[in-house]
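Where a number appears in this text, it was derived from the coordinates with a stated rule and is not lab data. Given the structure is predicted, the values throughout are model-derived calculations rather than measurements. Heads up, the Cβs are rebuilt from the backbone with ideal geometry, glycines too, and the neighbour counts pull from every protein chain shown.
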Amino acid sequence: MLSLRPIRRFCNAATAIVSNDCRASLSNHICYAKPVEEPALIKLKAERDPEKLFQLFKANAHNRLVIENRFAFEDTVSRLAGARRFDYIENLLEHQKTLPQGRREGFIVRIIMLYGKAGMTKHAIDTFNDVHLYGCRRTVKSYNAALKVLTLTRDLEAIKEFLKDVPAKFDIEFDVFSINIAIKAFCEMGFLNDAYLVMVEMTKVGIRPDVVTYTTLMSAFYKHNRCEIGNGLWNLMVLRRCSPNLATFNVRIQYLVNRRRAWEANKLMSIMPILGIIPDEVTYNLVIKGFCQSGNLEMAKRVYSSLHGKGYKPNIKIYQTMIHYLCKGGDFNLAYTMCKDCMQKNWFLNVDTIRTLLEGLKKNTQINKARWIMALARRRVPPFSSDQLGALQSILSKS
């Protein structure tokens, strides 16, 4: 009978040899392996020299991980613009247009916007005008990008000309985004009548204003104390069954608060959940401010409590508003509690409010509370200036 013992010994020996060879091979590989090259994205992020950054990006012009990474692209252009190397930006972006990705309109839109962020408006508009040269189809998307860049110049006549002549030249039809870009620009420049006329004209050609249109116009007219038109826009929006969103309600509530109509603002906030719109911290802060300004601190406290009841946490603006008016109303105990909570979250009020609180606590002989607020103020990151801290400390030092 054939014994299996020698075969087993051979197998064990062979396994040991192979195992030893593998370890030796692995050891040699580890010792002599070529270092792994650092990824291009990490190199780009770490590079601080503008010329080296330019060369590195140019060397990765075909690297999809770099080119398709929006942050890497924008960050590189932003840093080159900060170094005022506009020649490098032009070189990089013009080169990108000649590559396969230059045939995609979405990519050309990015080039236009990058030129705009670098302040190179002419290059952005030229890119839009020459889109067909790169084998790319021109649509309202690239038009909107170019219009957006042009609005950054605040050149009223150039914007009007672009709105009037360019669509017909390239057979482009406006969409609601085009109109909203123009309206926002005119409002920011203070040309409210022009902005309103844009909405009127868009309606004539069959483009229906959306909630952004109405909200932008309402905000501008309210800000410039042309309340009748702002109110008319609110009514028109409701009449045309365009549902307001959170931003619209906040604009309307801001107007009511500025007109010292806190109760109406509060009522409007209570309607929001019925329409499926949840008030945010901005809404609550506005209503709290409204009641504080009208001297109704008790209602302000109730709204503040309901904020917690709805699962929200106050932000720095709400703390600032409440503490300022609580100090003004002489309720330094609640102001102290809120201030302590706020500062322990590393949210710090302005120096004037802290000074008022310290003065009130000291006047009420609550010196330990005042010292605790002072101790928290010293922990601020970044710190208050030495002059500011000195002024606050002097309140406690006075006899």
| remark: Expected sort for T353, T215, T127, T365 with the fewest Cβ neighbours (10 Å cutoff) up front is T365, T353, T215, T127
| field | Residue of L197, L93, L217 that the Gaussian network model of the chain assigns the largest fluctuation, springs spanning Cα pairs under 10 Å | value | L197
| request: With springs connecting C-alpha atoms under 10 Å apart, model the chain as a Gaussian network and identify which of K204, K160, K340 has the largest mean-square fluctuation. | output: K204
| message | Tell me the label only: which of (1) 5, 23, 33, 25, 11, 3, 0, 0; (2) 4, 15, 17, 17, 16, 13, 10, 6, 2, 0, 0; (3) 4, 15, 15, 17, 19, 13, 6, 4, 3, 2, 0, 0 is P(r) over Cα pairs in 10 Å bins from 0, in percent as calculated from this structure? | response | (3)
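Could you list, in their original order, any pairs among K267/K345; K362/K398; K122/K148; K267/K328; K58/K148 whose Cα atoms are separated by more than 21 Å?
Details: K267/K345 32 Å; K362/K398 10 Å; K122/K148 13 Å; K267/K328 26 Å; K58/K148 27 Å.
Among K267/K345; K362/K398; K122/K148; K267/K328; K58/K148, the Cα-Cα distance tops 21 Å for K267/K345; K267/K328; K58/K148.
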| Cα to Cα, under 16 Å, and not fewer than 8 places away if on the same chain: which lysines meet these conditions relative to K52? | K43
| Roughly what % of Cα-Cα distances in segment 174-243 sit above 20 Å, to the whole percent? | 18
| remark: Checking rank on 52-59, 315-322, 143-150, with mean other Cβ inside 10 Å and highest first, the result is 143-150, 315-322, 52-59
| Which of the aspartates and glutamates could a cross-linker bridge to K223, judged by Cα under 19 Å and excluding same-chain residues fewer than eight apart? | E188, D194, E264
| said: Can you give me the C-alpha center-to-center distance between segment 310-331 and segment 225-292, rounded to a whole angstrom? | reply: 20
| field | Residues M189, M120, M218, sorted so that the one with the fewest Cβ neighbours within 10 Å comes first | value | M189, M120, M218
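Would you mind calculating the relative contact order of segment 230-298 from Cα pairs under 8 angstrom and at least 6 residues apart, reporting the percent as a whole number?
Relative contact order here is 32 percent.
Going by C-beta contacts inside 10 Å, put C327, C242 in order with the fewest on the left.
The fewest-first ordering by Cβ neighbours comes to C242, C327.
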| request: For K204, go through the lysines and keep the ones whose alpha-carbon is under 21 Å away, minus same-chain ones fewer than eight residues off. | output: K160, K164, K169, K184
